[in-house]
Amino acid sequence: MDSQKISFVRLIVKAALLFTVVILLFGAVNPMPAIGHMTLYNWLLPGRERLPYGDDPERSYNLNLYSLEAMFASHKLAGTSKAADEFRVFVIGDSSVWGFLLENKDTLAGALNAASLHSADGRRVVFYNLGHPTISLTKDLMILDYAMQYDPDLILWPVTLEAFPLSKQTSSPLVQNNANRVRELISRFDLPVDPNNVDLVAQDFWDRSLIGQRRNLADIVRLQLYGFMWAATRIDVHIPEEIKLRAVDLEASEDFAGLQPPELRAVDLAIDVLAAGIQRAGDVPVLVINEPIFVSDGANSEIRYNSFYPRWAYDSYRSLLQEQSQQSGWNYVDLWQAVANSEFTNTPIHLTPQGTLELTDATLAVFDDQFKLQP
Amino acid sequence: MTLTQIFIFTALGLVAGGFYKRVNRGWLLFLASVLAVFWLQPASLIRNLPFVLPAASLGLATAVWALTLPRETKISRQDWWAAGILGGLILLVSATRFIEPLSDLLAVRPPAVDFAAIFVLVLALFAGLLFWLVRGRMLALYLSIMLIVAILIVIKSPPLAQAASGALRSLSGQDPALASPLDFGWLGFSYIAFRLIHVLRDRAAGRLPAVSLRDFVTYIVFFPALTSGPIDRVERFTPQLQTDFLLDSDQLLTAGRRLITGLFMKFVLADALAFFALNAVNAWQVQSAGWMWLLLLAFSFRIFFDFAGYTHIAIGLGMLFGVVLPENFDQPYLKQNLTAFWNSWHMTLTQWVRSYYFNPVARWLRAHKIPILLVILFGQLTTMGLIGLWHGITWNFITWGFWHGAGLFIHNQWTAFSKTRPFSLSPSITVPLGIIATFAFVTIGWVWFALPQPADAARVFSVLVGMK
């Protein structure tokens, strides 16, 4: 073998070794949480008004990712020091809170901010949209748990029955891909969720390596890059010209998440997860709202309220939640009919801008009554 | 080329690079290039088109070789072998429909073997007729150039491409109403066409060396340079296939450096800038002049890193196979004037257009006693207009070309003027000023290049100057 060939082989071997070491070291150290905190938002780019989510990244300049650190780091909340005159309110929940098919100004948090409320002691009330467009109380709890470090004064938690079935607690991809965080919550609050549920993505050493994490890393980088267009346009959602409206004519089915009439039982629902959230908030009051829903008057509307809910299940859920709130002393308000039927968009819970205003008006009345938050 | 394709080509280069004492490099590159034409061709909604277009590229290459072979040159045994292998490979690509993993060579299901066989037969007959009947005839050479230009016009013109797509859809039993110009993506044809025209023109001028079929086809469809150039010259390219080559560590390091630079430019910088570079959608979404300038700058750097990155990759891959391709970029954004910019941006295209359009036209105009000022004005405008048209026969590329043509003319006149009245400004002022002015001129020109509709460009300009 001549000297040139020896150099050639050495070069390849050294490069391969170095590459392998970097890949494995990444898995051993697990720097993903630290990397998630590294962000262009809130210094070079303005923070986002809501947590990142986008099914159509190229048009919404937004994307889905699983790193809570990166999601929060991109939110304006992470870049806003709490001023002495700020009364801080977090709004957590599903896609109706996040504002599916709505611009930021038309979301619940946006409309509440537009009301320019002040607390009884004169502080400015600032609402932060921490909704995320997947439906699971466990997902909400995970976000609430993470958000507590940002020192809220009040938490607004709109919920709907779809988030309650135990079978749906791990259906959110955000939950599935934060398995360790969710298992820790299950353990800490003794939640009725199986920590060994196959939905929860198990990560072995290889998955934690640089190769295994390449997708998550790319998502964090893409989140930063879409930030430029977010900053330039303030667009973070794609709203199509035409929206296919929620169904009016319904299937003659009484099934709900595999549960059958005549009534739901408390053990069928993840009420303990809601309780865990309120417990996690500690001294910070939590206002639980039963979200408005679309009530159909089409075919089979005597069986179902809408495509989500059979009447027996939804009525039963409202009773259970009311009863549980009274027993536990929760701040709870049922606003299920606070919005006109014409103000729902593509699902029985997504609202038009006008629908959001109607919900906002109803919520403002509760704020005035229960928390003395007034314009 | 995708990352996977680049890695596979690199691996092939590394493996083959150590074995050229046992492997014939000329045949290896011939085989690899022929197969790569099919592999790199993107999918199309028109039935069999991803097979037909690469096969047509190879057929055109063979036909032009047959047409341009000097009359005194006989077809060698190697040429017959090359023709046989070429036909065999085209049939083999179609036969991969029966071999599941290999059928991925084409982006769509390969066509029936009898279809491929008829295609090969027609190509062979066509090349044979050209060879025996009209080889080297001026009329045939110029008609061939016109045919290639006509194909280029059809591909580059959206209405014509749509009409061609409709016709092809009808031929293949598909609905012509669904035709789209995007159906007709003939990979690398812009480069193939210019290489073929160069060969035909040089043959007509009597300055083309005799080249074997194997080396000629490799030159036309050499896989590293197929998608984004550079446009080499046949007399520079083919002798490199005859020399002894064994990949050593120095060459490997040089090639590796070019590859890594190219990969970084293309897949990191250009792809990152693409997230917020100016396009037809965000042109209407941005409201402030500052952000619009940022988007335009992002486009300016994106197009450079994308194109220069691909060139680095092509040159790096070429080096792994012992072929040194010509440089295409030389720090164009650091040039002090527009003439220097065009001598360093897509250099092989500029040289081609200068050789085969500007110089002959300027000579002809001068010979007809046209005033020099008009010769320069006409030459600059039409040359740059031609370069614009090469990118696409649409108003925006033509405007972009004329913008640069006008800029070159003004620079030419300024240079002549300043020679008679020298300024006393220090180079420490004029050099950076020249670089900034040139970069600004080029960057403003990208507005037309980036946006397909006049209304888009008008909107962007109005925001850039703060009128919106």
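Every number in this text was worked out from the coordinates using simple rules, so none of it is lab data. Everything numeric here is computed off the predicted structure, so don't read it as measured data. Every residue, glycine among them, receives a Cβ derived from its backbone with ideal geometry; neighbour counts consider all protein chains shown.
One table, with the values for the structure above:
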item: Estimated inter-spin distance, residue B:122 and residue A:221, nm [label 7 Å along Cα→Cβ]; result: 4.5
item: Length added when fully stretched, residue B:420-residue B:467, from 0.36 nm per residue minus Cα-Cα; result: 13.0 nm
item: Estimated distance in nm for a label pair at residue A:184 and residue B:246, the labels positioned 7 Å out from Cα along Cα-to-Cβ; result: 5.9
item: Within the range A:1-148: Cβ-based charge dipole about Cα centre, in debye rounded to nearest 20 (Lys, Arg +1; Asp, Glu -1); result: 500
item: Mean residue ellipticity (222 nm) of the protein assembly as shown, computed from DSSP H runs ≥ 4 via -39,500 (n - 2.57), nearest 500; result: -17000 deg cm²/dmol
item: Acute angle (nearest 10 degrees) that the helix B:249-263 long axis makes with the longest principal axis of chain B, alpha-carbon atoms; result: 60
item: Within chain A, longest stretch free of exposed GluC sites (Glu not before Pro) [DSSP loop, at most 14 other beta carbons within 10 Å]; result: A:1-240
item: Partners for residue B:74 among lysines (Cα-Cα distance below 19 Å; same-chain residues under 8 apart left out); result: none
item: Contact order normalised by residue count of the range B:20-241, Cα under 8 Å, 6+ apart, percent; result: 31
item: Pairwise centroid distance, computed over Cα atoms, of the range B:302-316 with the range A:207-274, Å; result: 39
item: Other protein chain Cβ atoms within 10 Å, averaged over every residue that makes up A:225-234; result: 6
item: Surrounding net charge for residue A:284, when Lys and Arg each add one and Asp and Glu each subtract one, Cβ distance under 12 Å; result: -1
item: Range of Cα positions in chain B per principal axis (Å), largest first; result: 67, 51, 51
item: Charge context of residue A:334, other residues only, Cβ under 10 angstrom, K/R +1, D/E -1; result: 0
item: Unit charges on C-beta of K, R, D, E only; dipole of the protein assembly as shown, Debye; result: 5740
item: Furthest towards positive pole of dipole, A:350, A:70, A:321, structure part the protein assembly as shown, Cβ charges; result: A:70
item: Value of relative contact order over the range A:27-153, rounded to a whole percent, pairs C-alpha under 8 Å and six or more apart; result: 26
item: Separation of alpha-carbon centers, the range B:143-161 and the range A:40-73, rounded to whole Å; result: 45
item: Residue-averaged beta-carbon neighbours from other chains (10 angstrom radius) around B:200-212; result: 0
item: Simple label model, 7 Å out from Cα along Cβ direction - residue A:34 to residue B:23, nm; result: 4.3
item: Dipole of the range A:86-147, positive direction: furthest Cα of A:100, A:136, A:118, with charges on the beta-carbon; result: A:118
item: Nearest-ten-degree value, helix B:113-134 long axis tilted from longest Cα axis of chain B; result: 80
item: Local electrostatic count at residue B:66 - Lys and Arg +1, Asp and Glu -1, tallied over other residues with Cβ under 13 Å; result: +4
item: FRET efficiency for residue A:267 and residue A:239, using Cβ-Cβ distance with R0 set to 35 Å, rounded to 0.05; result: 0.30
item: Average other protein chain Cβ within 10 Å of Cβ, residues B:77-83; result: 0
item: Mean Kyte hydropathy of 1.0 or more with a Cα span along the axis of at least 24 Å, helices from DSSP in chain A; result: A:3-29
item: Estimated dipole of the range A:236-299 in Debye, rounded to 20 [Cβ of Lys and Arg +1, of Asp and Glu -1, Cα centre]; result: 260
item: FRET efficiency estimate (nearest 0.05) - Cβ-Cβ, residue B:281 to residue A:146, R0 30 angstrom; result: 0.35
item: Over 25 Å between alpha carbons, listed pairs B:156/B:369; B:335/B:419; A:82/A:372; result: B:156/B:369
item: Cα long-axis angle, helix B:372-391 against chain B (0 to 90 degrees, to the nearest 10); result: 50
item: Two-site FRET efficiency, residue A:252 against residue A:202, from Cβ-Cβ distance with R₀ of 51 Å, rounded to 0.05; result: 0.80
item: Rel. contact order, % - alpha carbon contacts under 8 angstrom, at least six apart, chain B; result: 16
item: Residue-span extension gain [residue B:455 to residue B:143] - 0.36 nm each, minus C-alpha spacing; result: 108.4 nm
item: Of B:314, B:226, B:146, farthest towards positive along the dipole that unit charges on Lys, Arg, Asp, Glu beta carbons give the protein assembly as shown; result: B:146
